[in-house]
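The values are calculated or read from the model by the stated rules, or taken from the named source; none is laboratory data. Here the structure is a predicted model, which means the values were calculated and not measured. Ideal geometry is used to build each Cβ from the backbone, glycine not excepted, and the neighbour counts take in all protein chains shown.
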């Protein structure tokens, strides 16, 4: 189905959605054509003249002119983008002959060849979203870094090609924390630093090298920030304030019979639970809110260890891998990864596979919690 994640190729651990072709041949990771075929991206895009007819929605809710209801008229200089293997319309709006330059998936993969030959990186994952409207390649840089306690972070270069007719191609840096597969798209201070182009200008070997230089710089900057986060201890009070700020979740007053207490929003209670590797279970109205009791003690200066408490509001299931690593225990790095964990997993429950993967790779918005967590971390470490 076109609204599901299509065939994709990956190296290493099986993706959360369980789809795709696992690559075990290491040579394939350095062969652009072989990797493109393994990812199911060996198809082309063609411009097809729009023929007047009934305007019909496809299964994604986008509208296009149905070619099978032809009235004998052709719209002047208006084209749809069509996949060669399925004949499916993948453009979201008409394009013009001169204003839209076709890019093929093969051209995107070929841009990687000289850089792979130089040992800059190797292919890791590739696939398509939304029926082929967005195609991506994730390449792993031959760099990475380790934080105290064998906490490994790998660096990646993410390249996206747009076939919708309304988006731009882009390239930027992202990281993956190995122990939990949390992702973080990193942007430099004061700018959303990525390389983009429109369909009037092509990515080429020169701009690709510019993108790689930017990604390499960002990977070094993020490594420095991550090390400073891991070296920055947070009190219980500071952890609560960090999560309130990042999730924009201020506590709300509850009834007078509860002594005029303030109740933190569930997302903050969940974040505090995850900080100790526990799963949050929301208290019912008639139950004692044990999670809030812990937060109140943390705000008063106590370091509360959920593992040593009889906590009705916390389940014992371990769901935040890496929470007890040396780099994470009561540190800013640990709090930061709680945010990435929540955001990556939140989308899995509420989105289609397309939407989840899109949000994980690209972020939900320019000011999403991951971005706010980066900004808050910079302030706390003085970066």
For the range 365-375, state whether one or more residues are surrounded by fewer than 17 Cβ atoms within 10 Å (Cβ to Cβ), part of a helix (DSSP H, G or I) and at pLDDT below 85.
no
Here is a list of conditions, (1) surrounded by fewer than 16 Cβ atoms within 10 Å (Cβ to Cβ); (2) over 26 Å from the mean Cα position of the chain (by Cα); (3) modelled with pLDDT of 70 or more, and residue 57 meets all of them except one; can you say which number that is?
(3)
Given the residues 312, 271, which is the only one that is assigned to a loop (DSSP other than H, G, I, E, B) and either modelled with pLDDT of 75 or more or more than 26 Å from residue 343 (Cβ to Cβ) (or both)?
312
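Report, by residue number, each residue of the range 67-94 that is part of a strand (DSSP E or B) and at pLDDT below 85.
74, 75, 76, 77, 78
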Scanning for something modelled with pLDDT of 80 or more, outside any loop (DSSP other than H, G, I, E, B), in contact with a helix residue (DSSP H, G or I) (Cβ under 9 Å, 6 or more places away or on another chain) and buried (at least 17 other Cβ atoms within 10 Å of the Cβ), does the range 203-220 turn up at least one residue?
yes
Could we say that residue 34 is part of a strand (DSSP E or B) and at pLDDT 90 or above here?
no
For the range 106-136, give me each residue that is part of a strand (DSSP E or B) and either surrounded by fewer than 19 Cβ atoms within 10 Å (Cβ to Cβ) or touching a residue at least 40 places away in the same chain (Cβ under 8 Å) (or both).
122, 123, 124, 125, 126, 127, 128, 129, 134, 135, 136
Being within 20 Å of residue 177 (Cβ to Cβ), at pLDDT below 80 and surrounded by 14 or more Cβ atoms within 10 Å (Cβ to Cβ) narrows it down to one residue among 320, 337; which is it?
320
